[in-house]
Amino acid sequence: MYERAIKLGEVVIYSERAESNVSGTQMSIVKIDVKGIKELPVSIGGKDIIRSITLMPGVQTIGEFGTGFNVRGGSADQNLVLIEDVPIFNLSHLFGLISVVNSDGVSNVTLLKAGISAKYGERASSVMDIQLGPTNPDKTTVKGGIGIINSSLYLETPLVDNKINLLIGARSSYSNWLLHSIPDIDLMNSSAHFYDADALLSFNVNDRNKIDLFGYISNDRFGFAKTTDYKYTNLLGSLRWKHTFTNQFFFNLTAGISDYRFQVSESDTSKLWEAYRINSGVLYKNTKWNFSWLPNGNHSIDFGINAALYNIQPGKLTGLSDSTIINPVQMLSEKALESAIYLTDNITLSPKLAIDVGVRYSLYTYLGPNKIYIYQPDLPRSRGSVIDSLMYGNNKSICRYSGLEPRVSLRITLSNNSSVKLSYNRIHQYVNLVSNTAVMAPTDVWKLSSPNLKPLTCDHFAVGYFKNFKNNMYETSLEVYYKSLTNAIEYKNGADLLLNPYLEADLTNVRGYNYGVELYVKKNTGRLTGWASYTFSRSLQQSHGVFTEDKINDNQIFPSNFDRPNNLILNANYHISKRWRFNGTFTYSTGRPVTLPELKFDYQGYQLLYYSDRNKYRLPDYHRLDVSMTLDESLKIRRKWKGSWTFSIINLYGRKNAYSVYYQKGAHMVSNEYRQYDTYMLYIIGRPLPMLTYSFTF
Amino acid sequence: MIISGLLISCSKVYDPHIDSAEKVLVIDGRITNQIDAYHIVLTYASQFNSSEKNTPSLGANVYVTDDHGNSFKFNERGKGDYVSDSLQFTGQPGHTYRLHILTTDGTEYESDLQRMFPEVSPDNAYAKFDNQVILNGVTGLKVSTHGASIFMDIRNQSDTVPRFRIVSNLVLQYYNQGNFQLDWDHFLLLQYYCWQTVNINSNFNITDEDYLSNSASIKNHPAGFLDDNNNVIAIEYYSKINMDDTTAIAYSGNWHNTYLIHHRILYLSQYTLNRETYLYYKSLYGQIQSEGRIFDPVASQLNGNIKCITDPEKKTIGFFEASSVSYSEYIVDLRNLVNSQPVLIKTPCILPPEPDGCLIDIPGSKHHNVPAFWISTGNT
């Protein structure tokens, strides 16, 4: 007798019902459940949910490094990533090589790229909802894995006559060797360590009441170039009460907290008077009260209220010794309340027509204490053009933004196995991650909308054709989208982001124009499963500045950092036998835009560079093939210990995919003699990377 | 357990295709409030990945106009260097200036109007012993070096927002002696007074913007670092004797030698910048500060203040600056310490005639040839 879990014909990433991709109202959705997670392609740190999501059409990353992911040309901060209903602000361990989500204990993951329900707001591009839950609520299970970078251990168990379920998991790393192999002199002299742990306690009080208590912590420590030390921590917690009035009417009341803290310190012992520490962070608290009413099988109504309180500490600089020459800087913290009410109605009007219509009204209040600068209107914003400032007391309303966010999704069934779907959503986003680096960097700053920084508004239109073949063995879809971003944020040339009380003066608003076509074919059953997707997309931006400083590329349309027009993914799982399975994933995408030096010139004894227009050039195209072979030790259902070996090779043919281009200067003499420049490409995985991982469960 | 025996990352020299064949004029020009010959240097930028050196723009018509309708011609001195007549033209704080250029191909360029702000002197300068990792100018290697960091305090002396750039030049005085053989029995003793100037800032040094936010005095502004070596590797000079008047002229060869440093003299030039100039230097600073490291900001364009009049689409690089400057001079004493720290002794400012040079004095002759700025007393 063998386990069904590896029975031939299991899908890798699939919807709740085989035909739900056709029959559901929701379009642009990616769902992964427990079985799907088991067969995810292997990434550097093992099975990585977020890295795997980036293999789906319309989802990309800027490379092996880089925090988060980009959905349909949006920046990473435009994704609302929820773990048990609480947003997480930094998704990365090791600068993006591994995500902070431990796949052990995850029961399902849903990514919405368009047609986002009115239940969700806050971020403009997508929602990723990660829910934890036991694999089997009735028995104790232990899982573990020993990987190339980290190891993990996980326990789930019922308690007190199955009234309580406890999940607890943790991971820890030993990843220094990896950094030492990256040919950046600073990274070679660096060290890194991370851990994360999560726990979920579910208490079935009675038939009508259930309480979930969730906690999560992740910690990264990164010693950069021996003297600089970075630390960041995500701390998440939530308490959820589900109360059922009747089988048709229930609510979920959730209170959550997300605390993200970042610290950078530099303590060269030979110069103690210059040693310093900078602390920054985001404290987010929210409550959600969602009511669900299901009048009948074809009709569901959700309504509720949300409130989120942001408290951002942009930076606090302190000296670390008594003889310090560091002038302490305490940036004023930012506080805001974002509240919303919503109503969404999903109704199947006829077998051919279903509609999900909703509306969300968000109200954002920027709160004191804070100091607001008034800039001279006929000059570009800068420190020098400040003509006045206004001080506001604690919790005093400084400014308000609000707006209606209509959401519509429509499904028209064409036949038993085909449908057309349309969707439109508008979302306002009031918090942004400001960055002028290609990767997550210490200088990245979370910034709230303020009187001098308008909120981002995203209007997203999508239409799709969905058709299944051969009794849902094959799923296909064609989606076309257009996404307009108003008041997106770009940094001005030479922007100074760190500890800058006039940060808004170094930023400029741009319009974003994202559009694309996504083709998707998936085989769900048989010995061979997998999918192929091709996306053509553009992500363009345009500034509308009046002053030279506010113009990017002279107000001409230019590609955003995430503009990679062609993207092809081929993923195949082949079940060779009951115990052996093979996975191969091929990825191709157009190289991402970069700004390169075009000219060199002399100025006052220095040799300097003149750069191209922003993002004028592109890195070479990216392509990579990863393969893995998995052997399950025993499939006998009576055997408690079940182990599996996975041998994988990342980047099988050793493609040197450029992550970034940088230039290095030759010796700079004290007497200002000329420097020589060379341009280099940095590869994160420049050779085939073999890995052997052992996973177990009992 | 894990087996992984291969390195995974690498980098290699990359030669991207750059499609900029345009001939772009670079303007490097500055006028000040000091009685001096001002220089406007015109060159053409070279492609980033080419091995060509920048070529000078020759035969241009260069002049500066002011807000009183005056026009001041700059005469070509070769290699794209155009120089004003110090007797005819001195910049005046409070006035505005514009640079005009007409190149031989008929292209006309013009700068934005530049207002010159009044000069401001530093309140105080002082030194602290320090260790810094600097590039050795001879070996090209980074070495930890003991020396002194220079700091300045600057008080805002006007009701306008002050923006400054500091140039810190360290003049190293060194002696040499030689004999000139007149005949079998007679020699002339030659005393060489030589000096070498080094810029002790590795980047453009502009004052912190936090200073701008409150217009109060700035404290502890770093003004450079100098090592405490007793010796300097400097140019070796030779003598040419005029027997008629018993004078000697020094000329430099291609050789360097090691000399004992007699005095270190620090010249701080404090330029008062207008807003546009400050922002330009800030951009330059950002570019030089960026070492191509993985967390460095994405580089961006430098926007100058020169426009092509005949073809507004034509790219132009560089800046024309009108900044007043205040010079101050300090003897750096690394030996006679106060509170265990080096001492800066302020002295009347006399600038060396050239950055590097040598004068030869023949003791006993009627013509003394000691540099006017020379510090003779003691040894620091």
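Assorted remarks:
- Cα gyration tensor of the range A:20-622 - equivalent ellipsoid semi-axes, whole Å, descending: 38, 29, 28
- Given A:Lys447/A:Lys551; A:Lys143/A:Lys231; A:Lys31/A:Lys113, the pairs whose alpha carbons are separated by over 23 Å: A:Lys143/A:Lys231
- Gap separating the Cα centres of the range B:317-353 and the range A:281-346, nearest whole Å: 52
- Mean-position separation - Cα centroids, the range A:459-533 and the range A:143-173, in angstrom: 34
- Unit charges on C-beta of K, R, D, E only; dipole of the range A:20-622, Debye: 1660
- Each Lys and Arg contributes +1 and each Asp and Glu -1, all at the Cβ; summed about the Cα centre of chain B, the dipole is approximately 600 debye.
- Shape call, chain B: gyration tensor on alpha carbons, a/c limit 1.5: rounded
- Sorted fewest first by neighbouring Cβ atoms within 10 angstrom, A:Thr548, B:Thr145, B:Thr277 come out as A:Thr548, B:Thr145, B:Thr277.
- When A:Val81, A:Val205, A:Val34 are arranged by Cβ crowding within 10 Å, least crowded first, meaning fewest neighbours, the order is A:Val205, A:Val34, A:Val81.
- For A:His544, A:His93, order by how many other beta-carbon atoms lie within 10 Å, fewest first: A:His544, A:His93
- Among beta bridges identified by DSSP and lying wholly in the protein assembly as shown, the antiparallel ones come to about 95 percent.
- Estimated from helices alone, the mean residue ellipticity of chain B at 222 nm is -1500 deg cm²/dmol (sum of -39500 (n - 2.57) over DSSP H runs with n ≥ 4, per residue).
- Leading residue at positive end of dipole, the protein assembly as shown (Cβ point charges), from B:Met243, B:Ala372, A:Leu317: A:Leu317
- Average other protein chain Cβ within 10 Å of Cβ, residues B:27-33: 1
- Only beta bridges with both residues in chain B are counted; by DSSP, about 95 percent of them are antiparallel.
- Ignoring aspartates and glutamates fewer than eight residues from B:Lys314 along the same chain, the ones with Cα atoms less than 12 angstrom from its Cα are B:Glu22, B:Glu108.
- Per residue, chain A reaches -500 deg cm²/dmol at 222 nm when only DSSP H runs of four or more residues are counted, each adding -39500 (n - 2.57).
- Relative contact order for chain B: 19 percent, from Cα pairs under 8 Å spaced at least 6 residues apart, divided by residue count.
- With a 10 Å cut-off around each Cβ of A:679-685, the average count of Cβ atoms from other chains is 6.
- Working from label points 7 Å from Cα in the Cα-to-Cβ sense, the B:Gln341 to B:Lys12 distance is 5.2 nm.
- Gap separating the Cα centres of the range A:61-106 and the range B:21-41, nearest whole Å: 50
- Value of relative contact order over chain A, rounded to a whole percent, pairs C-alpha under 8 Å and six or more apart: 11
- Dipole-positive endmost among A:Val34, A:Tyr622, A:Ala354 within the range A:20-622 (Cβ charges, Cα centre): A:Ala354
- In terms of distances greater than 31 angstrom between alpha carbons, the cross-link table entries A:Lys396/A:Lys483; A:Lys352/A:Lys470; B:Lys282/B:Lys315 yield A:Lys396/A:Lys483.
- With each label modelled as a point 7 angstrom along the Cα→C-beta vector, the A:Ile146-A:Ser415 pair spans 5.4 nm.
- Shape category assigned to the protein assembly as shown from the gyration tensor of Cα positions, a/c cut at 1.5: prolate
Laboratory data are not the source of any read-out in this text; all were calculated from the coordinates shown. Note that the coordinates shown come from a computational prediction; the quantities given were computed from them, not determined experimentally. Positions of Cβ are generated from backbone atoms using ideal geometry, with glycine treated the same way; all protein chains shown enter the neighbour counts.
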